[in-house]
Amino acid sequence: HLNSGTVRITNNVAEFTDPTELWALGQVQAVTGLIFTHNTFVGAVSAIGMGTNTPSPGLMMVDNILDNGAYGLSCLLPGRTFSGCFPRATFTRNVIVGGSSHSAVYPRGNTYPPTVAAVGFRDVAGKDFRLSVSSPQRGTSAGGTDPGVNFSELFRAMGSTWPASWRPGEDVPIKPVR
C-alpha cells in the first residue's frame, strides 16, 4: 500500500506465480509523482490498484512490460476513469500483456501483445526475461532502448556484473564489480 509523496520504482523484474497476488505494485493512494520506469512484471492479476480515497496525480509510467491481468490499472474512485485516478499522467511506451481490452481506457502510445509469449522474451519457462533478438518490442523505448528491465543496469546497481555462467531458471550469482 503506497501512500506518500514522490516514489520512484525503476529497473525491477518480477514474475508472479501465485494467483492470490492481486497487485504487482500494490494499492496506490494519494501518491503525487509516482515514477515507474523500465520494469518487467509478469503474471500478476493487476499491475496497480487504485484505492477508493484520493487520486494520485502526476503518475509517470513509461517503458515498462506489465501483465494487464484481469483488472489492469484498476481505479476504484467514483467514475473509475484513468484520468480520474491518475490526473496529469504520462503513460506511454509500455508493453501491456493482454491489455487490448483496456486499450481504450489507457492513454495512447502503448502496445498490447495478447500473451506473455508474444512479447518475445528469450525464455519465459527458464525465467530469462530479456527480450529476444526477434522480439517486436526491441528498441521501442526512449532512445531506442528496450522496454522493461535493463539487466545490465540492474546488475550494475547491485554492484555486480552479468554472470557469464548464468543459465535461465537458476538463481543469479552476484559477482562484485572491482
- Got at least one residue in region 135-153 being modelled with pLDDT under 90, closer than 23 Å to residue 34 by Cβ, assigned to a loop (DSSP other than H, G, I, E, B) and open to solvent by 20 Å² or more (accessible area, probe 1.4 Å)? yes
- Task: Mind telling me which of the residues 70, 30, 44 ends up being hydrophobic (A, V, I, L, M, F, W, C), at pLDDT below 80, farther than 24 Å from residue 139 by Cβ and open to solvent by less than 30 Å² (accessible area, probe 1.4 Å)?
- Result: 44
- Message: Here is a check on your reading of the model: is residue 122 on the phi > 0 side of the Ramachandran plot and in contact (Cβ under 8 Å) with a residue 24 or more places away in the chain?
- Response: no
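The values are calculated or read from the model by the stated rules, or taken from the named source; none is laboratory data. For clarity, every value in this text was computed on a predicted model and none was experimentally measured. Neighbour counts are summed over all protein chains in view; Cβ atoms, including those assigned to glycine, are modelled from backbone coordinates with ideal geometry. Please note that ligands, DNA and RNA were not included when accessible areas were found on the heavy atoms of the full protein model with its side chains. Shrake-Rupley method; radii C 1.70, N 1.55, O 1.52, S 1.80 Å.
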